[in-house]
Amino acid sequence: MPPNPSPIPHPASRPQGDVELLERLTRARSDLLAQVGRRIVGQHQVLDGILTAIFSGGHALLLGVPGLAKTLMVQTVAQTLDLKFSRIQFTPDLMPTDITGTEIIEEDQTTGKRAFRFVRGPVFANIVLADEVNRTPPKTQAALLQAMQEHQVTAAGQTHPLPAPFFVLATQNPIEQEGTYPLPEAQLDRFMFELRVAYPTKEEEETIVEATTGDAATEIAPVLTAEDVLALQHLVRRIPVPKPLVRAAVTLVRMSRPGDGEAPAFIKEFVSWGAGPRASQYLILGAKARAALDGRPMPDEDDLRAVAPTVLTHRLVINFAAEAAGRSAPDVVEELLVTRSWVQG
């Protein structure tokens with residue numbers, strides 16, 4: 001279940017109603033995209049997905065071939081939000097303590113007594129970039145499970161809360177398999193979105209080459225603080241959702257499970273395991289955040305349909321029959337969305 005954002009109240013010096021907060025979120029989205037656009041060319045859908053995940057309080061997995069500025073995109077978003085940023089380069093020899101931190105023996109110079117002291121790892125940040133997350137074994141990947149779900153780390157019997165807000169934005173190269181390890185399903189399920197970073201258009205690539213082969217440095221101005229992000233997260237949570245939309249989200253997720261009576265024939269043929277309850281929660285949270293970012297006080301079916309591919313694709317486990325038929329998870333999700341029965345559910 002996705003955790004609620006930490007209950008830090010909005011600063012009393014800036015009392016605002018939800019209407020003003022909604023307008024502020026819409027303006028912040030424009031300002032954020034404008035700042036990021038100074039360094040990142042194109043990729044508007046991916047950037048919208050990252051912002052939707054952030055204001056929903058979720059994590060995102062960026063999937064794309066090398067050289068598409070996935071890492072730079074995350075770093076730039078962190079700069080615009082004025083949050084503490086930490087980058088972890090995942091490698092085969094990375095250990096769990098390299099992520100969470102470790103205990104060291106420290107000697108008091110005055111008394112000579114020795115005691116253990118916990119040294120915090122790079123996971124203690126607001127935005128953690130897990131770069132090439134599939135390059136480390138599952139033993140190390142598991143170090144992120146508690147952090148992503150509970151926003152805390154347990155080490156040597158002590159539980160340490162992570163700073164709020166907290167997001168993991170991970171990158172993954174889908175074409176290089178040597179020296180990589182598939183992400184455990186439990187970890188994949190903790191990512192709210194899987195965002196696929198595509199190649200730029202010819203015009204965008206020309207702009208990228210011109211901008212990155214010169215000597216000019218691009219400065220990024222922060223738009224929101226950590227307190228602002230937390231306040232806007234709470235706003236997204238307060239947005240009302242029509243009961244039929246909740247019913248549609250649950251029906252859509254249940255239709256992805258081959259053992260469910262509502263599952264269509266192609267799901268039973270091509271899918272081994274469907275999406276779990278987290279998918280239903282993230283569909284609604286994503287729809288609420290998307291509506292809020294657009295300045296609308298209530299989500300609708302279009303919002304649900306827009307976030308569904310990024311929520312469902314990485315949660316479906318397709319079988320050999322699908323591979324033999326040349327069907328992929330995105331194909332199955334696309335066909336599922338065309339099935340209108342979930343809207344009437």
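Read-outs throughout are calculated quantities, based only on the coordinates presented, and are distinct from any laboratory measurement. In this text, all values refer to a predicted model and were calculated from it rather than measured experimentally. Methodologically, a virtual Cβ is constructed for each residue, glycine included, from the backbone with ideal geometry; neighbour enumeration extends over all protein chains shown.
Between L195 and L61, L62, L63, the built amide H atoms are under 5 Å apart, and every one of these is 5 or more places off in sequence or on another chain.
The trypsin sites (Lys or Arg not before Pro) of region 238-345 include none that meets both criteria, a DSSP state outside H, G, I, E and B (loop) and at most 15 other C-beta atoms within 10 angstrom of the site's C-beta. Principal axis analysis of the Cα atoms in region 120-237 yields extents of 53, 41, 29 Å, listed in decreasing size. Look at the alpha carbon pairs under 8 Å that are at least 6 residues apart: their mean separation over the length of region 1-238 gives a relative contact order of 33 percent. Candidate cross-link partners of K202 among the lysines, defined by an alpha-carbon separation under 24 Å and a same-chain spacing of 8 or more, comprise K70. Only helical runs count toward this figure. For the chain, summing -39,500 (n - 2.57) over DSSP H runs of n ≥ 4 and dividing by all residues gives -12500 deg cm²/dmol at 222 nm. List the lysines whose Cα sits under 25 Å from the Cα of K288, skipping any in the same chain fewer than 8 residues away. Those lysines meeting the cut-off are K243. Remark on V271: its backbone amide H falls under 5 Å from those of N319, a criterion applied only to residues 5 or more positions apart or on other chains, H modelled at 1.01 Å from N. Counted by Cβ distance under 12 Å from A156, the other residues give a net charge of 0, where Lys and Arg count +1 and Asp and Glu count -1.
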